[in-house]
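The values are calculated or read from the model by the stated rules, or taken from the named source; none is laboratory data. Predicted model only: the values in this text are computed from it and were never measured. Every residue, glycine as well, gets a Cβ built from its backbone with ideal geometry; the counts of neighbours run over all protein chains shown.
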Amino acid sequence: MAEAKREEDNVMPIDGKPAERDSDAPYVLDDSESADPPVSGEPTLAVEIQKLKAEREELLQTMVRRQADFENFRKRTERDRGEEARRGVERLVLDLIPVLDAFDRALQAHDDPAYEEYRKGITLIRKQLWDAIARHGVQPIEAAGKMFDPHMHQAIERVESEDNPDGFIVAVFQEGYLFHGRVLRPAIVRVSVHPEQGEDSTTNEN
């Protein structure tokens, strides 16, 4: 009886149309159908991973830029702080240089042997003052016996001399000083002018 029923289900109607399914029979999905079809526009797992990687790379680049900006700011702040401290020392040295000049004048004025002890005391005090400012980058400008350098020396007098070449420094009126390699005060000097070169210079000027 059951076999007859199955054969009856498989029989095609005469008109070629499949028999209508019994509404009471259970519906079974075939292999071509899906229980949960994908929603249109829903990102896949690979797209989400790629998006997270891009966000991570952007965050890393931002962090690197922020770190570089902070490092540059730190270096610039330290450089500015150092420059400000150096300018403060420079101003102090400029105030102390006239004191050195006063000591030099005092030593030149009292060259009498009777003032030998006095000279020793003045020399010692001047040395202590000089050592204090020299530790901060102050150096004397070499002038006596050197050739005139307009970047280091200031000539206020020229004298003719056949024994020295033109531009030779024959006397120093005031010492000059450098501060960390930069001219703090030029040396005031007297330079020689060779007579022949002086005449050539005068002819050229005329």
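Which one of 124, 60, 52, 94 is within 20 Å of residue 174 (Cβ to Cβ) and either of a type in the set (A, V, I, L, M) or assigned to a helix (DSSP H, G or I) (or both)?
Only one candidate qualifies: 94.
Within segment 110-117, is even one residue within 22 Å of residue 181 (Cβ to Cβ) and either more than 32 Å from the chain's Cα centre (by Cα) or surrounded by fewer than 11 Cβ atoms within 10 Å (Cβ to Cβ) (or both)?
No: zero hits.
Would you check which residues across segment 125-154 are aromatic (Phe, Trp, Tyr) and either without any contact (Cβ under 8 Å) to a residue 40 or more places away in the chain or surrounded by fewer than 14 Cβ atoms within 10 Å (Cβ to Cβ) (or both) and list them?
Passing the criteria: only 130.
Considering each of 126, 135, 190, 185 in turn, give the residue that is at pLDDT 90 or above, within 22 Å of residue 102 (Cβ to Cβ), in contact with a Gly (Cβ under 6 Å, 6 or more places away or on another chain) and of a type in the set (Lys, Arg).
185
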